[in-house]
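Single-structure report; data block below.
Each reported figure results from applying straightforward, stated rules to the coordinates on display, with no laboratory input. This is a predicted model, so every value here is computed, not measured. Backbone-built Cβ (ideal geometry, glycine too); neighbour counts: all protein chains shown.
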Amino acid sequence: MNNEQLKEKILSLDPSLNISEGPQYLTLSVTPEKLHNTALLLKNTSELSFDYLFCLTGNDLADACEVVYHLESTKHAHAIVLKAKTANRENALLPTVTDIWATADFHEREVYDLVGITFTNHPDMRRIFLDEEDWVGYPLRKDYTDNNIVTR
Amino acid sequence: MAFNIYDFTSFNQSIDKLLYDNLPPFWALIIEMTLIGVAFLLFYALVGLFLVYAERKVCAFIQNRVGPNRVGPYGIFQTFADFIKLLMKEIIHIRKADQFLFNLAPFIVIIASFMAIAAIPFGLGLHAIDFNIGVFYVMAVSSLGVIGILLAGWSSNNKYSLIGAMRSGAQIVSYELSVGMSLVTIVILAGTMQLSEIVEAQRNGWFIFTGHIPAIIAFLIFIIAGTAETNRGPFDLAEAESELTAGFHTEYSGIKFAFFFLAEYMNMFIVASIAATVFLGGWMPLHLGPLLTDLLGNWSLKFNTGVDFIPPFFWYMGKTLLVIFLMMWFKWTFPRLRIDQLLKLEWKYLLPINLFNIILMALIVLMGWHF
Amino acid sequence: MEEFITNSKGKQEEEYIVNMGPQHPSTHGVLRLKISLKGETVERIEPHCGYIHRGIEKMCERLTYQQIIHLTDRMDYLSAHINNEAVCLLVEDALQIEVPERVKYIRTILDELTRLASHQLWWCAFGMDLGALTTYFYGLRDREHILDIFEETTGARLLQSFNVPGGFMNDIHPNFIKRVKDFIVYFRKKLPEYDELLTGNVIMKERTNDIGILSLEDAISYGVTGPSGRGSGFACDVRKHHPYSAYDKVEFREVLYTKGDSFHRYKARVEEMWESMKIIEQLIDNIPEGDYAVKMKPIIKLPEGEYYQRVEAARGEFGVYVLSTGEKYPYRIKFRSPNFSNLSAINKIAAGFKIADLVAIGGSLDLVIPDIDR
């Protein structure tokens, strides 16, 4: 399916979704409440079957945090970007997609560790790289400071 | 056939006579024992060092490398240098280890291999003790080493060591059976357990040639099981470095580590010695048996006299080194087995084959089908 | 020594916890695997990463795109050139620059040489994991030839950083073509030795057949890519499905195996070496004449927006995600490293097998630790 058809198909399944076209991929933006259901829809609809989550990125935007999911279908060879923005930065919460794509387990832990987005219902929400006990703050946040950071 | 093999007995007896003539019998005995002890210590150390060097050269040969080549000509002093280094290294004290057992373990391992070497005939008359149950004694003593390994693993207070020691225990207990059974096959053929008589019985041809197919099967099983018993690759699970870092001797350093290291090589030497003695005729030169003598007539006699000029000690060493080379070859070409595969190989394949082989050998001896 | 944990029935049950790493010969780096054992059987594996975490993504937020290239080397150091290329392709795509054909060809050749060198080193290490120490020297012997070629052309043996946005830092060395051709002739003779020494060995087959099975569904779900994923039948070769550089001009087979055990992951890698040689042979004689780089502005600013570039690194799919605000620094850059996803499946693959199998499985996944931690 090309991007046009993909857009039509997704809108026919759920007309309330917000789809915009990027230079490479279609971008599907959802609210945290709808994230899990939309993800299930993308994975389980047989015409879409986005079964391969090839990248999961956490971004710190100025007013909120955002998670970008790059999805691909191994069956139909089409790709899409799913985005979910948290309500605020201080208490960034998103539902997990670990039960849908197992690779999200580690990637979400990484995002929690570095960007500070907590994923609810995640089986093992701990820091993955940094020290669980004594590391303060989330390094990839834009306001993170550290005595050792070099700023130019 | 008049064989003229160099005999050490007269040399030994002259020293014995000299001592007993000049000293009271008690002191003569003490001095004799000390002399033999010192001789064995020297031999032990030299063989150990040589084997380490040989292994490095053989391994380098198999791996497209040169091997040690800096210390002395062809690097022959490399192992001496390494040994001095090991002597000077700090002995690390493990605070939470069981100190007594931790210190005891390397001695048990090295004493076990020491005791085994005493019963091996190196040449005609060059034999410290000639037990009438020689084969049995060597078997029993060489398997004592596992106690040291188990102690080392247990007392180190290290999980890798413990796993390594447990593996080693399971392995040695299992393969001891195969080693024993394959030797029993030859004992049936030779009709004696005394090592000197076993060698003597091979005067007209080594057992591997005269013993028909069962002897060859027994030899193969002995080499496999012997390699396993010495914890060498591909059966080196006890110290599998990619899994257990260094297995049972992970926590050992300096001279205590050197003891384990040396004992490993000496165990290899002992296994190879037994293989050479029992299957390949020990110090006995390669003689053509009566069957071939009938066939070739005079030529075979000339051949037999000719080979007797090579001293028996060289025959013995040559055969032993050949078997050792085989074992090194295994180690440097095969991947390692897994513990359950190792036990499966023993209990499901080697042991049944071995039992069948013994029956076959008994049948052959009974019917007189051997040469 | 034993840690006691309470099982679901509330009964005290002994679990033998062993830490494999961070200093351990078979993790090939500073990875720590916390393993619960029951006898020799692995019950559960909990990977602990971060021992070599350098915060590359954070550093990149203060670096220009040319500088970022030099950090991508330090992730998967064995596919350094491929990682470099990913950033270059992303920048070129974003600025809509068409690089000369010559650059595309040479990039593809260097990619495949990198892949060959990486797979050779993997083969060495895999043999060592299984306890066959001799493999190490056979692999390194052949890898040396590739590193010499790299050294001559790029000036570095391991971390080349030869790519710049728009092409290369320099043209290839005059000897390059001849030496690559010689190497292919040489390695076509040497690669069968690998099979003779290890592939056909009985013990090797016993140790890897039916060990560590990863089903196709799990491979996709865990995002296990590269030869590890293709051993499970996951058609994930970026070179085939999203061709870049000169991959659309060459004929090659996407190596796919179906069983997903250690042996098929092994076979997939060995087969890939043959395919890599095929690709190089098709390109090496046809490198077009022309410039080795497009003239670029000294300061590169990507237009506002999001960019994503996928390439096939030696261990799987490598991705770069850039969120640009139009500055000379990226606002956010994320590297999708293949090993991180491959590692996440290790509990699924290895639980229930023996410790020795875990080592074999780790070897067959071919993990490079700095790539996991970034």
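What's the center-to-center distance, using Cα atoms, between region C:292-350 and region C:72-137 in Å?
Cα centroid of region C:292-350 versus Cα centroid of region C:72-137: 15 Å apart.
Take chain C, connect every pair of alpha-carbon atoms lying under 10 Å apart with a spring to form a Gaussian network, then pick out the residue of C:K181, C:K189, C:K249 with the largest mean-square fluctuation.
In the Gaussian network model the winner is C:K189.
Provide the three semi-axes, in whole Å and in decreasing order, of the ellipsoid equivalent to the protein assembly as shown as defined by the square roots of 5 times the Cα gyration tensor eigenvalues.
Over the Cα atoms of the protein assembly as shown, the ellipsoid semi-axes are 64, 30, 25 Å.
Can you give the mean number of other chain Cβ atoms that lie within 10 Å of the Cβ atoms in peptide C:126-136?
Average per residue, whole number: 6.
Quick check on region A:1-70: take the gyration tensor over C-alpha atoms, sort the square-rooted eigenvalues as a ≥ b ≥ c, and tell me if it's rounded (a/c under 1.5), prolate or oblate.
Judged from the Cα gyration tensor, region A:1-70 comes out prolate (a/c at least 1.5, a/b above b/c).
In nm, give the distance between the simple-model label positions of A:A87 and B:N298, each being 7 Å from the Cα along the Cα-to-Cβ direction.
Output for this residue pair reads 11.4 nm.
Under 5 Å between amide hydrogens, which residues at least 5 positions from C:R32 or on another chain qualify, with H placed 1.01 Å from N in the peptide plane?
C:H48
For n ≥ 4 DSSP H runs only, could you compute -39500 (n - 2.57) per run for chain C, divide by its residues and tell me the 222 nm figure to the nearest 500?
Value at 222 nm, helices only, nearest 500: -14000 deg cm²/dmol.
Below 8 Å between Cα atoms, with a sequence gap of 6+, how large is the relative contact order for chain C in percent?
The normalised contact order for chain C reaches 25 percent.
In whole Hz, what ³J(HN,Hα) sequence does region C:248-255 give by Karplus (6.51, -1.76, 1.60; θ = phi - 60°), x for Gly and Pro?
Calculated HN-Hα couplings, in order: 7, 9, 10, 9, 7, 9, 7, 6 Hz.
Suppose R0 equals 30 Å. What FRET efficiency, 1/(1 + (r/R0)^6) with r the Cβ-Cβ distance, do B:S14 and B:F107 give to the nearest 0.05?
For B:S14 and B:F107, the calculated efficiency is 0.25.
What does the highest-first list of B:315-324, B:82-91, C:144-153, B:151-160 look like by mean Cβ count within 10 Å?
Order by mean packing, descending: B:151-160, B:315-324, C:144-153, B:82-91.
Using only the alpha-carbon atoms, how far is helix B:9-22 inclined from the longest principal axis of chain B? Give it as 0 to 90 degrees, nearest 10.
Computed tilt is about 70 degrees.
Go ahead and set up a Gaussian network model of chain A, Cα springs under 10 Å, then flag whichever of A:V111, A:V68, A:V136 fluctuates most.
It is A:V136.
Sort B:96-106, C:70-80, B:336-346 for me by packing, meaning the mean count of neighbouring Cβ atoms within 10 Å per residue, highest on top.
Highest to lowest by the protection proxy: C:70-80, B:336-346, B:96-106.
Is the C-alpha gyration tensor of region C:6-373 telling us rounded, prolate or oblate? Criteria: a/c under 1.5 is rounded; beyond that, a/b larger than b/c is prolate, otherwise oblate.
oblate
At 0.36 nm per residue, and after removing the present C-alpha to C-alpha distance, how many nm does the segment from C:K328 to C:R54 gain when stretched out fully?
96.4 nm
Ranking B:M328, C:M169 by Cβ neighbours within 10 Å, fewest first, what do you get?
Arranged by neighbour count, lowest to highest, B:M328, C:M169 become C:M169, B:M328.
Taking the Cα centre of region A:3-88 as the origin, how large is its charge dipole in debye, to the nearest 20, when only Lys and Arg (+1) and Asp and Glu (-1) carry charge on their Cβ atoms?
140 debye
So how far apart, in nm, are the two label points at B:F356 and A:K75 if each is 7 Å from Cα heading toward Cβ?
5.3 nm
Report, largest value first, the span of the C-alpha coordinates of region B:156-315 along each principal axis, in whole Å.
The Cα atoms of region B:156-315 stretch 66, 30, 27 Å along the principal axes, largest first.
Which one, B:F330, C:L37, B:L101, is farthest towards the positive end of the dipole of the protein assembly as shown when Lys and Arg carry +1 and Asp and Glu -1 on their Cβ?
B:F330
Given a Förster radius of 56 Å and the C-beta distance between A:D134 and C:E217 as r, what FRET efficiency does 1/(1 + (r/R0)^6) yield to the nearest 0.05?
The formula returns an efficiency of 0.90 here.
Starting with the highest mean, order C:209-222, B:273-286, C:128-141 by the number of other Cβ atoms within 10 Å, averaged over the residues of each peptide.
Peptide ranking by packing, descending: B:273-286, C:128-141, C:209-222.
Report, by chain and number, residues whose modeled amide H sits under 5 Å from the one on C:V368, excluding near sequence neighbours (fewer than 5 apart, same chain).
Residues meeting the criterion, in which the H sits 1.01 Å from N, do not exist here.
Starting from the Cα-Cα distance between B:T192 and B:T305, subtract it from 0.36 nm times their residue separation and give me the gain in nm to one decimal.
In short, 38.0 nm is gained.
Would you be so kind as to identify which of A:T38, A:P15, A:G116 lies farthest towards the positive end of the dipole of region A:1-134, taking Lys and Arg as +1 and Asp and Glu as -1 on Cβ and the Cα centre as origin?
A:P15
Rounded to the nearest 20 Debye, what is the dipole magnitude of region B:9-367 about its Cα centre when Lys and Arg each give +1 and Asp and Glu each give -1 at the C-beta?
I would put it at about 920 debye.
For peptide C:305-317, how many partner chain Cβ atoms fall within 10 Å of a residue's Cβ, on average?
3
Once you have a ≥ b ≥ c as the square roots of the Cα gyration tensor eigenvalues for region C:18-87, tell me rounded if a/c is under 1.5, and otherwise prolate or oblate according to whether a/b is larger than b/c.
prolate
Arranged by the count of other C-beta atoms within 10 angstrom, fewest first, what order do B:H212, C:H81 take?
Final ranking by Cβ density, sparse to dense: B:H212, C:H81.
Please list, in order, the residues from region B:258-274 whose amide nitrogen is less than 13 Å from a point placed 7 Å along the Cα→Cβ vector of B:F43.
Residues B:270, B:273-274 fall inside that zone.
Return the whole-Å distance between the Cα centroid of region B:278-312 and the Cα centroid of region B:214-239.
Value for the Cα centre distance between the two parts: 29 Å.
Looking only at other chains, what is the average number of their beta-carbon atoms within 10 angstrom of each beta-carbon in C:216-229?
Counting other chains' Cβ atoms within 10 Å and averaging over C:216-229 gives 4.
Please name whichever of C:M273, C:A314, C:I300 sits farthest to the positive end of the charge dipole of region C:250-342, dipole taken about the Cα centre and charges placed at Cβ: Lys and Arg +1, Asp and Glu -1.
C:I300
Could you bin all the Cα-Cα distances of region B:174-249 into 10 Å bins starting at 0 and give me the percent of pairs in each, rounded to whole numbers?
Histogramming region B:174-249 at 10 Å steps yields 19, 38, 24, 14, 6 percent.
Which residues in region A:6-47 have a backbone N closer than 12 Å to a point placed 7 Å from the Cα of A:A64 along the Cα-to-Cβ line?
Answer for region A:6-47: A:29-35.
Could you tell me how far the Cα centroid of region C:195-246 sits from the Cα centroid of region B:117-150, in Å?
51 Å
Counting alpha carbon pairs within less than 8 Å and at least 6 residues apart, what relative contact order, in whole percent, applies to chain A?
Here the relative contact order equals 18 percent.
Compute the acute angle (0 to 90°) between the alpha-carbon long axis of helix C:262-284 and the principal axis of greatest extent of the alpha-carbon atoms of chain C; round to the nearest 10°.
10 degrees
Taking Cα atoms, how many degrees apart are the long axis of helix B:25-62 and the longest axis of chain B, rounded to 10 and kept between 0 and 90?
70 degrees
Place a +1 charge on the Cβ of each Lys and Arg in the protein assembly as shown and a -1 charge on the Cβ of each Asp and Glu, then give the dipole magnitude about the Cα centre in debye, rounded to the nearest 20.
900 debye
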